[in-house]
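First comes the structure, then the notes that go with it.
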Amino acid sequence: MKLARLFYFNVVFALILQPAQASVTSSFDVDSENWQIVSFADFSQNDYRIVGQYQPSFMTGGGNPGNYLAANDPDAGDFTFSAPGAFLGAQSAATGLSYDLTYRNGDVNWQTTDVMLVGNGLRLLWKRNPDIVPNSGWTHIGLSFTPSSEWRLGTSTGGFASENDFRNVLSNLSGLYIHGEFTNGIVETAGLDNVVLQTVPLPGAFWLFGWGLCGFWRSARLKR
């Protein structure tokens, strides 16, 4: 009986000590929240050299709703919105990403990698099928961090990403990049709002917590 009580106590105690993880969000209500613009050489040629880093423009009003980030195409590379430290690091509980995108200048004629995750020396590339076709309004985009034909490992023509690849990258996420360029040329203006890195806090923990408490209570009653 003592062993049973000790077991239930350990279950409850361990669950209490585990840090709960909440979704990470950027709604740009006050400022740019440390997001940056990072330009890569050429996603379409799997050339991931960084050719430039810039500060985005913080736009007052016009967001979805409220304020938002904007970027004019800064160079001949593929520019992305680069997530700050709050979105990086140990993100093993992350299950997906969502964001709102607007495209207020430029024809949509350049389709390549839409989201890139980097971590532990690996690169995961997401390209939505069908293509994302943003416009001057707001387009909502959502993706899951699960294996599918839309996720590739290493390059846009690499093998499909596996569950183990996601675990490796998300356990030490060092880069999260949202593509902002959909025009072949240096003319476009893209906007970003409502970025959410979705996480599941302690999968199954609440069920286990209740089970542990019930068992602990039951063993205590039996002993009396």
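The values are calculated or read from the model by the stated rules, or taken from the named source; none is laboratory data. Predicted, not measured: the structure shown is a model, and the values here were computed from it. As a convention, Cβ positions derive from the backbone with ideal geometry for all residues, glycine included, and neighbour counts pool all protein chains shown. Calculation scope for accessible area: heavy atoms of the full protein, side chains included, ligands and nucleic acids excluded. Shrake-Rupley method; radii C 1.70, N 1.55, O 1.52, S 1.80 Å.
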Original post:
Based only on the alpha carbon positions, what is the Kirkwood hydrodynamic radius of segment 48-140, in angstrom?
Top reply: 15.4 Å
Subject >> Surface accessible to a 1.4 Å probe, Trp138 within the full protein complex, Å² >> reply: 60 Å²
Subject >> P(r) of segment 145-192 over all Cα-Cα pairs, binned every 5 Å from zero, in whole percent >> reply: 5, 17, 20, 20, 14, 13, 9, 2
Subject >> Per-residue HN-Hα couplings for segment 122-133 [Karplus 6.51, -1.76, 1.60; θ = phi - 60°; Hz; x = Gly/Pro] >> reply: 10, 10, 10, 10, 10, 10, 6, 10, x, 4, 6, 10
**OP:** Evaluate the distance, in nm, between pseudo-label points positioned 7 Å from the Cα of Asp131 and of Val108 along their respective Cα→Cβ axes.
**Re:** 0.9 nm
Subject >> Cut-off under 5 Å, modelled amide H: who pairs with Ala161 long-range >> reply: Ser148, Trp151, Arg152, Leu153
Subject >> Stretchable slack from Asp75 to Ile50, in nm (0.36 nm times residue separation minus alpha-carbon distance) >> reply: 7.9 nm
**OP:** Would you please put 67-73, 184-190, 94-100 in order of how densely packed they are, using the mean number of other Cβ atoms within 10 angstrom per residue and starting with the highest?
**Re:** 67-73, 94-100, 184-190
**OP:** Kindly report the accessible area of segment 25-178 per residue (heavy atoms of protein chains, probe 1.4 Å, no ligands, DNA or RNA), in Å².
**Re:** 44 Å²
**OP:** Taking H placed 1.01 Å from N in the peptide plane, check which residues at least 5 places from Thr95 or on another chain put their amide H under 5 Å from its amide H.
**Re:** Gln198, Thr199, Val200
Original post:
Under a 1.4 angstrom probe, counting protein chains only, how are Asp107, Asp193 ranked by accessible area, largest first?
Top reply: Asp107, Asp193
**OP:** Please list Thr112, Thr155 in order of solvent-accessible area, largest first, computed with a 1.4 Å probe with all protein chains present.
**Re:** Thr155, Thr112
**OP:** Would you kindly derive the ³J(HN,Hα) couplings of segment 99-115 from the backbone phi angles with the Karplus curve 6.51 cos²θ - 1.76 cosθ + 1.60 (θ = phi - 60°), listing them in order in whole Hz, with x for Gly and Pro?
**Re:** 6, 10, 10, 10, 9, 9, 8, x, 6, 8, 9, 9, 10, 8, 3, 8, 9
Original post:
Applying the Karplus parametrisation 6.51 cos²θ - 1.76 cosθ + 1.60 with θ = phi - 60° to the phi angles of segment 32-48, what ³J(HN,Hα) value in whole Hz is obtained for each residue in order, glycine and proline being reported as x?
Top reply: 7, 6, 6, 5, 10, 9, 10, 9, 9, 4, 6, 4, 5, 9, 6, 9, 9
Original post:
Stretched out fully, how many nm does the piece from Ser171 to Asp31 gain, at 0.36 nm a residue minus the Cα gap?
Top reply: 47.6 nm
